[in-house]
Amino acid sequence: MRLIAFIEYAAVIAGILGMIAGNFFGLSKGVQFGVFLLGAGIGLGGLEALATRRLCFRTSDDGYEAYAGAPAVIVGLMCLLIGAAVLLAAYLLSEGLWPRTVSYLTRRPGPLLGGAGAVVLGLGVLMVLNPTGRSGWAWRLLVYFPRASLGLLVTATGAALICLGIWESADPAAFQDFLRRMPRNFDWPVRL
């Protein structure tokens, strides 16, 4: 096993166990430290993928070679964004600013929409890419075409989320008016 992969996995697992133990034993600093370790492990994986242009969290040097290059950079950026968000959550928890931040983001969800849109956009682009390079007609018809079609839909969803986040940040009154005009049976995800 590669040392950097061991450190990434150890940080993520220790973070999850720290959050569980901190919550079970009522240790608020344990939960915060667990969140920090989780974010650090994910962020370290993202930095590794960006630096080496190879997929992060690989246990061996020759694993996932088909995903080297652009797919690894996309995964690295996604891991870096998620890791930074988790580290920010750990900081907010340790400073006691978590409830106020959640209240603000409930009223003004632009940054959440933009960040979620970036991750969803990355997932969609990964679905469209064909890293294995297979080119037989059966492969294209039965695997690549359905995956790429779904990937285009996911990519469009990510782009729409980013646009909604920008719109909410630029003109919150118009965005809130848009939400009020939405049919009530479709706005339940936005109200959460």
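If you go through the stretch 172-192 and pick out every residue that is surrounded by 11 or more Cβ atoms within 10 Å (Cβ to Cβ) and either aromatic (Phe, Trp, Tyr) or at pLDDT 95 or above (or both), you end up with 2. Could you tell me whether Gly124 is of a type outside the set (A, V, I, L, M), exposed (fewer than 15 other Cβ atoms within 10 Å of the Cβ) and touching a residue at least 12 places away in the same chain (Cβ under 8 Å)? The answer is no for Gly124.
Filtering Arg100, Arg140 for residues that are assigned to a helix (DSSP H, G or I), within 30 Å of Val31 (Cβ to Cβ), of a type in the set (Lys, Arg) and out of contact with any strand residue (DSSP E or B) (no Cβ under 9 Å at 6 or more places or on another chain) leaves a single hit, Arg100. The residue that is nearest to Gly115 (Cα to Cα), among those in the stretch 165-178 that are out of contact with any helix residue (DSSP H, G or I) (no Cβ under 6 Å at 6 or more places or on another chain) and in a helix (DSSP H, G or I), is Ile166. Return yes when Ala84 is within 16 Å of the chain's Cα centre (by Cα), closer than 30 Å to Ser28 by Cβ and modelled with pLDDT of 90 or more and no when it is not. Taking the combined requirement at face value, the residue satisfies it.
Output the residue which, of all residues in the stretch 53-71 that are outside any helix (DSSP H, G or I) and free of Cβ contacts under 8 Å to residues at least 12 places away in the same chain, is farthest from Met1 (Cα to Cα). Checked the stretch 53-71; the qualifying residue farthest from Met1 (Cα to Cα) is Tyr64. Of all the residues in the stretch 23-33, those that are part of a helix (DSSP H, G or I) and surrounded by fewer than 19 Cβ atoms within 10 Å (Cβ to Cβ) number 6. Pairing each residue of the stretch 81-99 that is more than 22 Å from Leu121 (Cβ to Cβ) with any residue that is among the polar types (S, T, N, Q), provided the two are 6+ apart or on different chains, yields C-beta distances under 6 Å for Ala90/Gln32; Leu92/Thr101; Leu93/Gln32; Ser94/Gln32. Please go through the stretch 8-22 and give me each residue that is under 24 Å from Gly76 (Cα atoms), buried (at least 18 other Cβ atoms within 10 Å of the Cβ) and either not assigned by TED's automatic domain parsing to the domain that holds Leu37 or not small (Gly, Ala, Ser) (or both), ordered by number. Listed by number, the residues that qualify are Glu8, Val12.
The values are calculated or read from the model by the stated rules, or taken from the named source; none is laboratory data. Remember, predicted model here, so these are calculated numbers, not experimental data. Backbone-built Cβ (ideal geometry, glycine too); neighbour counts: all protein chains shown.
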